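The block underneath contains the structure these notes are about, expressed in structure tokens.
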Amino acid sequence: MNGVRQGWLVAARELRERGRSRVFLISVLLMLVGAVGAIVLPALLDTGPEAKDVGLTGSAPAELAPALRAQGEAVDTTIRVHRYDTLADGEAAVRDGKADVLVVDARQLEWPKRADEQLKTLVTGAIQLVTVRERAAAAGISPDELLAMLAPAPVNSVELGQVTGRSPGDENAAFIMTLILFGAISTFASMVLTGVVEEKSSRTVEVLLARMPARSLLAGKIVGIGMLGLAQIVALGLVALIAGALVDSVDIPAVRPVVLAWAVVWFVLGYALYATVYGTLGALATRTEDASSVAGPVTIVLVLGFIVSFATFGSIDTTWARLVSWFPITAPLAMPFRVAMGAATWWDLIIAVVLSLATIVGLVALGGRVYTHVILHTGASLTLRAAWRDLTARPALEPPVDPQSRMH
């Protein structure tokens, strides 16, 4: 049985075992429910247009009430008009919370406490509109002529993003995508770490190593968990799109297909890079409790890479932003944003992909040697320096292979 076949068997085992795990299924369910809830709940909690109560007293024009309602409809606010015979009745209604504002003689606004600026604008606009109509009628101007005079001039509204040709919606979509990539890479790479430590602490790895080389075991684990993570991300995206199509509470930014394709590519590359490192470091630990401390430096590097990538968002056309998007540690997080913003050239992508692939190949070769050498180590957890010193002192030995396995 060749190494590819052995690695695929391990990957299939990871998919089967982790896919059936109750903890994994519950976490996926909670994630999907949380995504749907974040999109659907605002629509369910939306009770419709906001309502405001406006009191009128004194010599208010008859046209003021219809004007108030029209002004409210323009901004999706329901205006309920109440007339009071005396000023005292109107002020009592305001103090009792039955009216949000009292309009006295169409000249004065009385509030319970602090003025509501939005309602103040609506009421003031209605009073001015009615007053203009009365003055126009007194001057002999017909309603049609007045309407033509007051017709607003058409004004176009254009939202300029930080990058020429890209709107703020494009930038928001790219930013959200980068956050998802960071969360996915860190989450599923950490799953490789914990998986290696769990198998080592339970001595399951000894049984597996009797059937296949350590490199095939590590590679299969990385591939299996990566496929599971990619499926989880796709499921999350589909559920979010379906929920967003059913309700209008959330404006989900549109992402071009080519940007999504490159996001998948960089998830695969970033996950392969960090999962290889995490899996190698997991072999140094002997207990699950030691996993976080062993992988601490790499976690710090991943977080710093995200911070550096985030810092390039406002200056993606600069030289240092291009270098950050080339550097393998930060490329999986920096390059997708540059692609989404149209700042990445074809040769930028080629350089970044080649450098990342070369780094992954080097890490696989180096990590495979370290993993093979220390995976059966028992006792206190090793440091990477101690493992490397021991590795260079004497060559790594593959664990013995069960003779019966050669017959299969």
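Just so you know, all these numbers are worked out from the coordinates, no wet-lab data involved. Just so you know, these numbers come straight off a predicted model, no measurement behind them. Don't worry about glycine lacking a Cβ; one is built from the backbone with ideal geometry, like all the others, and counts go over all protein chains shown.
Structure above, values below:
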item: Nearest-0.05 FRET efficiency for residue 50 and residue 24, computed from C-beta distance (R0 60 Å); result: 0.85
item: Approximate spin-label separation residue 346-residue 202, in nm, with each point projected 7 Å along Cα-to-Cβ; result: 4.9 nm
item: Label point distance in nm, residue 76-residue 92, each placed 7 Å from Cα along Cα→Cβ; result: 3.8 nm
item: Spin-label pair residue 315/residue 187, simplified geometry with 7 Å Cα→Cβ offset, distance in nm; result: 3.3 nm
item: Residue order, fewest to most surrounding Cβ atoms within 10 angstrom, among 351, 39; result: 351, 39
item: Mean-position separation - Cα centroids, the range 186-237 and the range 263-312, in angstrom; result: 14 Å
item: Residues listed by number, the range 327-342, amide nitrogen under 15 Å from residue 354 label point at 7 Å toward C-beta; result: 327-328
item: Overall form of the range 42-148 per C-alpha gyration tensor (a/c, 1.5; a/b vs b/c); result: oblate
item: Those lysines that a straight Cα-Cα span of less than 17 Å connects to residue 52, excepting residues fewer than 8 apart in one chain; result: 98, 113, 120
item: Dipole magnitude (debye, nearest 20) for the range 50-150, charges at Cβ of Lys, Arg, Asp, Glu; result: 160 debye
